[in-house]
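Okay, so here's the structure we're looking at.
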Amino acid sequence: MSDNTHSPIVVCFGEILWDIFPTYKKIGGAPLNVAYHLHKMGINSHIITKLGTDDAGQKIISRLKEVGACTSYIQTDTTKKTGTVFATFDDHNEASYEFLKDSAWDFIDFKQEDSDLVAQSDAFVFGTLASRTPHTRETLHKLLDVAKYKVYDVNLRPPHYELEFVVELMHKADLLKMNKFELKEILEYLEEPYTSEEDAIKFVQKHFDCDEIIISKGDKGGLYLNKEMLYSYPAVDIVIRDTVGSGDSYLAGFLAAKLNGHDPIQIIKTAASLGAFVTSHTGANPEYEREDFDIFYYETIFKDELITSKNILEALKTPEK
């Protein structure tokens, strides 16, 4: 979402919509959330989606321009409404969602300029929800054909998915991200018993011939498996405001650190910290500057070290050895 051509390029594909909460509303959608936080982390990120030409769509475009986002790859539709989702929370601050049917993002068209962008990108991020209609699903398939590094955020939202298609997408991914509930649902579909987190994640890696897997576990932290090792990192201790977008920010932190050449430990530290940082705010895309996160990162990860803001910024520019 930046025009900085010297940074890695990430393209996110899928829904942009209005998150309607009991007391407020904000723009959201997993692909937008990931792109937003990548932008904040200094990554050149773009989103391919479709909005209506209604007032809701115009307000989203205006908001994205305000934060310096690239809107060049956002399509518009004169007949379909901009997407909305109604979010409610349970006693544990976990959200559930009700999505508007036949939204504009259900009809994302294939365009050659989008394909060219995806082909030159360092990562292509996609999810499950936007594939609930054949039209957008076909577009996704074509873009996956040219993507170099495919990041599948499984992100299951009942009843808007078919496990047969989810499994098909998993076979195409270089990096898989899911939560523990989604992991267990996939194992059940494949008729594989769940014995432990480690066995489950290694089975998925082998079955889908996938180089990397992330399992986000909320207040239990997260797991990262690559070809060499399984890494685990605990959740960062914070006061939770709401959990909307926490998994999206976790993925954005992961990709930002990985594409900037950090080692696996630094990658999962950054992922966990950005997820916690966003969870300590209201909404999936809170207002913040990169320095705000940098300070949060070092105050939570290195609590006993006294580091100036200048040293914080310099430290984050250099990958750990």
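Under a crude label model (7 Å from the Cα following the beta-carbon direction), how far is residue 196 from residue 287 in nanometres?
4.9
Would you calculate the separation in nanometres between label points at residue 188 and residue 146, each defined as 7 Å from the Cα along the Cα-to-beta-carbon direction?
Rounded to a tenth, the inter-label distance reads 3.9 nm.
Collect residues whose amide H, placed 1.01 Å from N in the peptide plane, falls under 5 Å from the amide H of residue 179; neighbours closer than 5 in sequence don't count.
Sorted by chain and number, the residues that satisfy this are 155, 216.
In segment 9-311, carbon and sulfur make up what percent of the accessible area (probe 1.4 Å)?
48
About its Cα centre, how strong a charge dipole does segment 126-225 have in debye, to the nearest 20, once Lys and Arg get +1 and Asp and Glu get -1 at the Cβ?
380
Apply the Karplus curve 6.51 cos²θ - 1.76 cosθ + 1.60, θ = phi - 60°, to the phi angles in segment 280-285 and return the couplings in whole Hz, x for Gly and Pro.
7, 10, 9, x, 6, 10
Whole-Å semi-axes of segment 1-103's equivalent ellipsoid, largest first, each the root of 5 times a Cα gyration tensor eigenvalue?
Largest first, segment 1-103 gives 24, 18, 11 Å.
Can you tell me the accessible area per residue over segment 51-182, all protein chains present, probe 1.4 angstrom, in square angstrom?
About 47 Å² of surface per residue is accessible.
May I ask what percent, to the nearest 5, of DSSP beta bridges between residues of segment 9-311 are antiparallel?
Taking every DSSP beta bridge with both residues in segment 9-311, the antiparallel ones total about 35 percent.
Treating segment 177-268 as a set of equal point scatterers at the Cα positions, no solvent, please give the Debye-formula log₁₀ I(q)/I(0) at q = 0.19, 0.20, 0.25, 0.26 Å⁻¹.
Computed log10 I(q)/I(0) values: -0.93, -1.02, -1.40, -1.46.
Using a 1.4 Å probe, how large is the accessible area of residue 26, given in Å² and rounded to the nearest 10?
70
Gaussian network model of the chain, Cα springs within a sub-10 Å range: biggest mean-square fluctuation belongs to which of 131, 280, 249?
So, out of 131, 280, 249, the one fluctuating most is 280.
Amide H neighbours of residue 47 under 5 Å, counting only residues 5+ apart in sequence or on other chains, H built in-plane at 1.01 Å?
Placed amide hydrogens put 12, 73 under 5 Å from residue 47.
Name the residue, out of 101, 177, 217, whose mean-square fluctuation peaks in a Gaussian network model built on the chain with Cα pairs under 10 Å.
Top of the fluctuation ranking is 101.
May I ask you to derive the relative contact order of segment 9-311, considering only C-alpha pairs under 8 Å and at least 6 residues apart, and to give it as an integer percent?
15
Under the Karplus relation 6.51 cos²θ - 1.76 cosθ + 1.60, θ = phi - 60°, what is the ordered set of whole-Hz ³J(HN,Hα) values for segment 145-157, x standing for Gly and Pro?
Using θ = phi - 60°, the values come out as 5, 10, 6, 8, 10, 9, 10, 9, 8, 4, 6, 6, 10 Hz.
Give the calculated FRET efficiency between residue 89 and residue 59 to the nearest 0.05, with a Förster radius of 35 Å applied to their Cβ-Cβ distance.
0.90
Any idea what Rg and Dmax come out to for segment 9-311 if you just take the C-alpha atoms, in Å?
My reading of the Cα-based Rg and Dmax gives 18.3, 57 Å.
In sequence order, what are the phi-derived ³J(HN,Hα) couplings for segment 70-85 according to the Karplus relation 6.51 cos²θ - 1.76 cosθ + 1.60 with θ = phi - 60°, rounded to whole Hz, with x for glycine and proline?
7, 10, 5, 10, 8, 7, 10, 9, 7, 10, 10, 7, 4, x, 9, 9
So who's got an amide H within less than 5 Å of the one on residue 81, skipping anything under 5 residues away but keeping other chains? H placed 1.01 Å off N, in plane.
Residues meeting the criterion, in which the H sits 1.01 Å from N, are 104.
Could you compute the longest span of the chain free of chymotrypsin sites (Phe, Trp or Tyr not before Pro) located in DSSP loops and having at most 15 other Cβ atoms within 10 Å, not counting the site residues?
With chymotrypsin sites (Phe, Trp or Tyr not before Pro) excluded where exposed in loops, the chain gives 195-287 as its longest stretch.
GluC sites (Glu not before Pro) within segment 123-207: which are DSSP loop residues with at most 15 other Cβ atoms inside 10 Å? Each step should come with its number before you reach the end.
Numbers: sites: 138, 162, 164, 168, 182, 185, 188, 191, 197, 198; in loops: 162, 191.
Passing sites in segment 123-207 are 162, 191.
Label points 7 Å out from Cα along the Cβ direction at residue 160 and residue 98: separation in nm?
1.4
Can you pull out the trypsin sites (Lys or Arg not before Pro) in segment 115-156 whose DSSP state is coil and whose Cβ has at most 16 other Cβ atoms within 10 Å?
In loop regions of segment 115-156 (DSSP not H, G, I, E or B), the sparsely surrounded trypsin sites (Lys or Arg not before Pro) are 148.
The values are calculated or read from the model by the stated rules, or taken from the named source; none is laboratory data. Source: prediction; values computed, not measured. Neighbour counts run over all protein chains shown; Cβ positions are idealised from the backbone, glycine included. Calculation scope for accessible area: heavy atoms of the full protein, side chains included, ligands and nucleic acids excluded. Shrake-Rupley method; radii C 1.70, N 1.55, O 1.52, S 1.80 Å.
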